[in-house]
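S.K.: Structure in structure tokens, see below.
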Amino acid sequence: MAVYLSRSADDTFEWAKNYAKTLRAGDTVLLEGEMGAGKTAIAKGIAAGLGITEEVTSPTYAYINAYGDTLFHFDCYRVTSEAQALALGFADYFEAGGICLVEWSENIAGLLPERCKKIVLKKRGEEEREISF
Ligand SMILES: Nc1ncnc2c1ncn2[C@@H]1O[C@H](COP(=O)(O)OP(=O)(O)O)[C@@H](O)[C@H]1O
Ligand SMILES: [Mg+2]
């Protein structure tokens, strides 16, 4: 995995905006890291890189935010079973041909596509984040 050391939220945003250029329709990217690491910050940058102008907010309570057919942003923090995830239609989103970003993917391990990309964030200071990808 390659590593990028981000020095601010803006830095992470710009990095993610560039990273978005490497993504193709149908890709799933797992976003890993503790609460506050910057997973949603990455999602904001990726959305911008894909040309999405809508404001990207954390889907923690909605579980999934859809940005047209282009980007689906999942937050599985509060998902307690794969049955619940299926009932929420998660499997359909993975088949829909958009780019899927998944926070707390360990809660839906059995439903993930076979091949996923991954971005791992580690806090290295107040504003420093190690981004492995
Ligand atoms: N280098 C950085 N990259 C990303 N976020 C940062 C950075 N430095 C500080 N932050 C702050 O950390 C928080 C990250 O929040 P968020 O993206 O919602 O995290 P998560 O989705 O992983 O819980 C934001 O308040 C952001 O401003
Ligand atoms: Mg988040």
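S.K.: So which of Ala83, Ala91 ends up being surrounded by 12 or more Cβ atoms within 10 Å (Cβ to Cβ), away from ligand 1 (no atom under 16 Å from the Cβ) and farther than 30 Å from Val3 by Cβ?
M.R.: Just one listed residue meets the conditions, Ala91.
S.K.: Residues in the range 71-79: is at least one in contact with a helix residue (DSSP H, G or I) (Cβ under 6 Å, 6 or more places away or on another chain), part of a loop (DSSP other than H, G, I, E, B) and within 16 Å of ligand 1 (Cβ to nearest atom)?
M.R.: Checked the range 71-79: at least one residue is in contact with a helix residue (DSSP H, G or I) (Cβ under 6 Å, 6 or more places away or on another chain), part of a loop (DSSP other than H, G, I, E, B) and within 16 Å of ligand 1 (Cβ to nearest atom).
S.K.: Please go through the range 27-38 and pick out each residue that is surrounded by 13 or more Cβ atoms within 10 Å (Cβ to Cβ), assigned to a loop (DSSP other than H, G, I, E, B) and aliphatic (A, V, I, L, M).
M.R.: Once the filter is applied, which keeps residues that are surrounded by 13 or more Cβ atoms within 10 Å (Cβ to Cβ), assigned to a loop (DSSP other than H, G, I, E, B) and aliphatic (A, V, I, L, M), the range 27-38 yields only Ala37.
S.K.: Of the residues that sit in the range 29-47 and are more than 6 Å from ligand 1 (Cβ to nearest atom), among the hydrophobic types (A, V, I, L, M, F, W, C) and in contact (Cβ under 8 Å) with a residue 40 or more places away in the chain, which one is nearest to Gly125 (Cα to Cα)?
M.R.: Per the criteria, the residue is Ile42.
S.K.: May I pose another question? Among the numbered criteria (1) surrounded by 14 or more Cβ atoms within 10 Å (Cβ to Cβ); (2) away from ligand 1 (no atom under 15 Å from the Cβ); (3) in a loop (DSSP other than H, G, I, E, B), which one does Arg24 miss?
M.R.: So the condition that Arg24 fails would be (1).
S.K.: What about Glu55, is it assigned to a helix (DSSP H, G or I), without any contact (Cβ under 8 Å) to a residue 40 or more places away in the chain and within 16 Å of ligand 1 (Cβ to nearest atom)?
M.R.: no
S.K.: Another one. Give me the pairs, please: first residue somewhere in the range 1-25 and on the phi < 0 side of the Ramachandran plot, second residue anywhere and of a type in the set (Lys, Arg) and within 16 Å of ligand 2 (Cβ to nearest atom), beta-carbon distance under 7 Å, and either six or more positions apart or on two chains.
M.R.: Short answer, once both residue conditions are applied: Ser6/Arg129; Thr12/Arg129; Phe13/Lys44.
S.K.: Right, here's the next one. Quick one: Leu31 ticks every box in (1) over 19 Å from Ser58 (Cα atoms); (2) in contact with a strand residue (DSSP E or B) (Cβ under 9 Å, 6 or more places away or on another chain) except a single one, so which number is it?
M.R.: With (1) over 19 Å from Ser58 (Cα atoms); (2) in contact with a strand residue (DSSP E or B) (Cβ under 9 Å, 6 or more places away or on another chain) applied to Leu31, the lone miss is (1).
S.K.: Filter the range 105-116 down to residues that are outside any loop (DSSP other than H, G, I, E, B) and surrounded by 16 or more Cβ atoms within 10 Å (Cβ to Cβ) and give me whichever is nearest to the chain's Cα centre (by Cα).
M.R.: Taking the candidates together, the pick is Ser105.
S.K.: Only one residue in Glu54, Glu82, Glu103 is among the acidic types (Asp, Glu) and under 18 Å from Leu121 (Cβ atoms). Which one?
M.R.: Glu103
S.K.: Continuing with the same structure: Could you please find all residues in the range 80-104 being assigned to a loop (DSSP other than H, G, I, E, B) and not hydroxyl-bearing (Ser, Thr, Tyr)?
M.R.: Scanning the range 80-104 gives Leu88, Gly89, Glu95, Ala96, Gly97, Gly98, Trp104.
Every number here is computed from the coordinates shown, using simple stated rules; none is lab data. Nothing here was measured: the structure is a model prediction, and the numbers come from that model. Using ideal geometry, Cβ is built from the backbone for each residue, glycine included, and neighbour counts are taken over all protein chains shown.
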